[in-house]
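Comments concern the structure below.
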Amino acid sequence: MTAATLFTQQTTPQFDKASIDTDVNHHAKTTAIEAMLYDDSDDRNDDFMDEQADKILADTQSLTESAYFRKLQKKLRRQVSWAIRDFNMIEDGDVVMVCVSGGKDSYTLLDILLLLKRIAPIHFDIVAVNLDQKQPGYPEEVLPAYLNEQGIAHYILEKDTYSIVKSVVPEGKTYCSACSRLRRGSLYGFAKQIGATKIALGHHRDDMLATFFLNLFHGGALKSMPPKLLSDDKQNMLIRPLAYVEEKDIIEYARLKEFPIIPCNLCGSQTNLQRAIINDMLREWDDAHPQRLASIFKAMQNVAPSQLADRELFDFETLSLERDDNERLFEGDNIQAGQIESLAEIGLPVAPATQIFNPNFVDTEKGSHTPKKIPTINPVI
């Protein structure tokens, strides 16, 4: 059974506009998992479905948890389920290696995937992996203690990438790129070593938007973090199950769960990082225009290569006209022609005809001469 089966849309959820689970507007239907557990489309099923969910999640969901928390958790589970379904991220028999840094994003990713594992009708395994990069002051006991307390299978990899980064990055330059490459190389190799079939990263929707604008503003490219990626050497498959999740929801979820957050101290006082500047811009947009980020993210899923300028994605060179014999006269009062001799010299009409309306655009069904809306070839132009 594949993820397409696991997360197939079944029923349309009825969201309360004032509640916390009202975004992801481009999804009109819930998943099979959530349809089974939280069928909001029929009030008669609410109590039964919630009862079944409580039974399945009995040892992970305390009855003392607030309704607000449960609603937020439900929202995140749905969004992660949608992402897994849409991009076929997890399949039956997968071993998912969740990269855990000790930040809010990776904690949330691990927590939600563990919940989905318990209620999914397919089998997949989860192993948490952390890379201890030997940063000064790094609390190396925090993550192992948390993972052991939660009973989560895990590995802690120890490698002094901190010294390497400090030695190769010039003074005054940012460390993030070099740090990320070293970390990624170590984790990719380890995933293959232990036989993990998927590597799950904690990047969320806002990370993907920030990367898009970083590349747009500073990289001269329209690209971002894809929800699913095959590594260049084709040895590893990366997935980002939080692709539809907003950072502000993760912040709130991590606060309510009281995850033992470990800050990244390697970047230290690098306050002018371009990513931080982009993130501030996105937060300002979100505060002033709540639907703007959702619209931008939707645009990333609705690319029209013919409306851009990438000659590799669209064949502009061989475009050619395919006109028919149906002549479309100008619909107006009059046409003034100037420099008639020049027009005639190049073979153009010196007195083009006009018409009141074009019969090809008459609404014959209503029996009137009301012109239909004329299609626009390129709205931008």
When Ser186 is run through (1) at pLDDT below 80; (2) hydroxyl-bearing (Ser, Thr, Tyr); (3) in a helix (DSSP H, G or I), the failure sits at (1)
Among the residues of segment 256-265, are any of a type in the set (Lys, Arg), under 26 Å from Ile277 (Cα atoms), modelled with pLDDT of 95 or more and open to solvent by 20 Å² or more (accessible area, probe 1.4 Å)? no
Go through (1) open to solvent by 20 Å² or more (accessible area, probe 1.4 Å); (2) modelled with pLDDT under 95; (3) within 22 Å of Lys104 (Cβ to Cβ) for Phe212 and report which single condition fails. (2)
Considering residues that are touching an Asp or Glu at 6+ places or on another chain (Cβ under 6 Å) and closer than 11 Å to Leu293 by Cα, the number found within segment 204-221 is 2
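Can you go through Ile122, Ile164 and tell me which one is β-branched (Val, Ile, Thr), free of Cβ contacts under 8 Å to residues at least 24 places away in the same chain and not in a strand (DSSP E or B)? First the steps, then the outcome.
Details: Ile122 fails: free of Cβ contacts under 8 Å to residues at least 24 places away in the same chain.
Of the residues listed, the single one that is β-branched (Val, Ile, Thr), free of Cβ contacts under 8 Å to residues at least 24 places away in the same chain and not in a strand (DSSP E or B) is Ile164.
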Which ones in segment 204-226 are farther than 21 Å from Leu308 by Cβ and either assigned to a loop (DSSP other than H, G, I, E, B) or in contact with a Gly (Cβ under 6 Å, 6 or more places away or on another chain) (or both)? His204
Subset tally (residues that are surrounded by fewer than 10 Cβ atoms within 10 Å (Cβ to Cβ) and in contact with a strand residue (DSSP E or B) (Cβ under 8 Å, 6 or more places away or on another chain)) for segment 294-342: 3
Looking at segment 115-147 only, could you name the residues that are under 25 Å from Leu76 (Cβ atoms) and open to solvent by 50 Å² or more (accessible area, probe 1.4 Å)? Lys117, Arg118, Pro121, His123, Asp125, Ala145
Suppose the filter is in contact (Cβ under 8 Å) with a residue 40 or more places away in the chain and out of contact with any Lys or Arg (no Cβ under 8 Å at 6 or more places or on another chain); does Pro144 pass it? no
In this structure, does Lys192 turn out to be among the basic types (Lys, Arg) and open to solvent by less than 30 Å² (accessible area, probe 1.4 Å)? no
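The values are calculated or read from the model by the stated rules, or taken from the named source; none is laboratory data. Everything numeric in this text was worked out from a predicted model, so none of it was measured. Heads up, the Cβs are rebuilt from the backbone with ideal geometry, glycines too, and the neighbour counts pull from every protein chain shown. Side chains are part of the model used for accessible areas, which takes the heavy atoms of the whole protein and leaves out ligands, DNA and RNA. Shrake-Rupley method; radii C 1.70, N 1.55, O 1.52, S 1.80 Å.
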